[in-house]
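**Student:** Here's a structure for you.
The values are calculated or read from the model by the stated rules, or taken from the named source; none is laboratory data. All of these numbers come straight from a predicted model, not from anything done at the bench. Cβ placement follows ideal geometry from the backbone for every residue including glycine, while neighbour counts extend to all protein chains displayed. The accessibility values were calculated without ligands, DNA or RNA, using every heavy atom of the protein model including side chains. Shrake-Rupley method; radii C 1.70, N 1.55, O 1.52, S 1.80 Å.
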Amino acid sequence: MARYAPAKKSLGQNFLTDRRIVARIIGAAELTDNDAVLEIGPGRGVLTRDLAARAGSLTAVELDDDLAAALTAEFSAQPHVRIVHADAREVEIASVIPSHAPYKLIANLPYYAALPIVRRFLEAERKPTLMVVMVQREVARSMTAAPGGMSLLSVATQIYGKPRIVASVPPRAFRPAPKVTSAVVRIDVFSQPALSHDSIDDFFTLVRAGFSAPRKQIHNCLQKGLSIPRMDAETMLSHAGIDASRRPQTLSVAEWGSLYAAWRLRYPDTDANAQGLRED
Ligand code: SAM
């Protein structure tokens with residue numbers, strides 16, 4: 001058995017030790033030997049070994065110098081496995097997934113960087129077809145929330161795919177044990193996102209404004225967040241078929257889409273959108 005340096009807290013190193021959870025993650029990914037897999041943060045290789053045994057090809061991106069070196073040595077005789085020593089928040093995606101073939105992203109993510117990593121790959125031009133990721137349970141709940149409990153993160157996930165929680169994972173499944181409960185989330189990524197790439201930034205300007213005061217009624221949030229007159233906020237909501245007195249967390253992703261269309265109708269000019277102003 002390899003001897004490893006102590007876990008580094010600063011890199012979110014909570015290593016999975018429960019084989020049943022490894023099996024749940026692998027099962028949720030529905031791997032075949034045609035699959036190209038990208039693993040983020042392979043660590044001591046507990047998932048990596050199973051992924052290497054089942055997938056057609058595997059690229060694993062690890063930031064830790066010692067772990068990247070140990071894994072490179074361990075997998076050197078397996079040509080379908082590539083260990084990349086890099087930061088997953090910055091690595092060029094085309095260089096880790098070089099072909100245009102579809103790929104699946106599978107990871108027990110470091111908590112400190114889980115959201116930037118998920119976001120980066122969901123927003124990428126080359127998105128995975130499927131993500132199976134371990135994150136903090138609270139984050140998983142927010143990603144998968146239904147109208148009534150929606151947040152900016154719910155919208156930011158569900159605009160790109162259909163997420164569901166596959167397993168809840170207690171701290172004792174890891175060494176060292178984290179302080180919080182974790183969860184495995186599977187996201188079936190849409191082949192066509194609900195919005196065009198060009199509209200995404202504007203769309204999130206609207207959604208961020210909508211969630212600027214989650215306890216307030218949606219017309220208030222829009223008015224304040226977009227700096228627009230009350231009348232405009234109400235007209236947009238009426239066009240989108242949304243009652244102005246609802247709270248932002250009750251809106252579905254489809255309703256945010258309708259509201260976005262109504263906003264574009266009222267403020268068609270992008271610069272005006274940025275400022276929330278238009279002179280008639
Ligand atoms: N996959 C292993 C497991 O399940 O036991 C390790 C998971 S551990 C929660 C997270 C791993 O991500 C660690 O190996 C850590 O060094 C690595 N890591 C942390 N930040 C990273 C980053 N920005 N890019 C790539 N890997 C990172």
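**Student:** Just how far, in whole angstrom, is the stretch 1-27 from the stretch 139-204 if you go by their alpha carbon centroids?
**Tutor:** Cα centroid to Cα centroid, the span is 22 Å.
**Student:** From the Cα gyration tensor of the chain, with a ≥ b ≥ c the square roots of its eigenvalues, which class applies: rounded if a/c is under 1.5, or else prolate if a/b is larger than b/c, or else oblate?
**Tutor:** Here the chain falls in the prolate category.
**Student:** Could you tell me what percent of the accessible area of the chain is made up of carbon and sulfur, with a 1.4 Å probe and every protein chain present?
**Tutor:** C and S atoms contribute 52 percent here.
**Student:** Right, something else. Quick check on the chain: helices-only [θ] at 222 nm, where DSSP H runs of length 4 and up contribute -39,500 (n - 2.57) each and the sum goes over total residues. Nearest 500, please. Write out the running numbers ahead of the final one.
**Tutor:** On the way: 12 runs with 109 residues, N = 280.
Theoretical 222 nm ellipticity from helices: -11000 deg cm²/dmol.
**Student:** Within the chain, what is the longest stretch that has no GluC sites (Glu not before Pro) placed in a DSSP loop and near at most 13 other beta-carbon atoms within 10 Å? Let's see the in-between values first.
**Tutor:** Details: sites that count: GLU30, GLU90, GLU92, GLU125, GLU279.
The longest such stretch corresponds to 126-278.
**Student:** With a sphere of radius 11 Å drawn around the Cβ of ILE187, what net charge do the other residues whose Cβ falls strictly inside it have (Lys, Arg +1; Asp, Glu -1)?
**Tutor:** +4
**Student:** Please give the charge dipole size of the chain, origin at the Cα centre, charges +1 on K and R Cβ atoms and -1 on D and E Cβ atoms. Round to the nearest 20 debye.
**Tutor:** Dipole size: approximately 1300 debye.
**Student:** Over the chain, how many pairs of lysines fall under 17 Å by alpha carbon, counting only those 8 or more apart in sequence or from different chains?
**Tutor:** Numbers: LYS8/LYS179; LYS9/LYS179; LYS104/LYS127; LYS104/LYS162; LYS127/LYS162; LYS216/LYS224.
Summing the qualifying lysine pairs gives 6.
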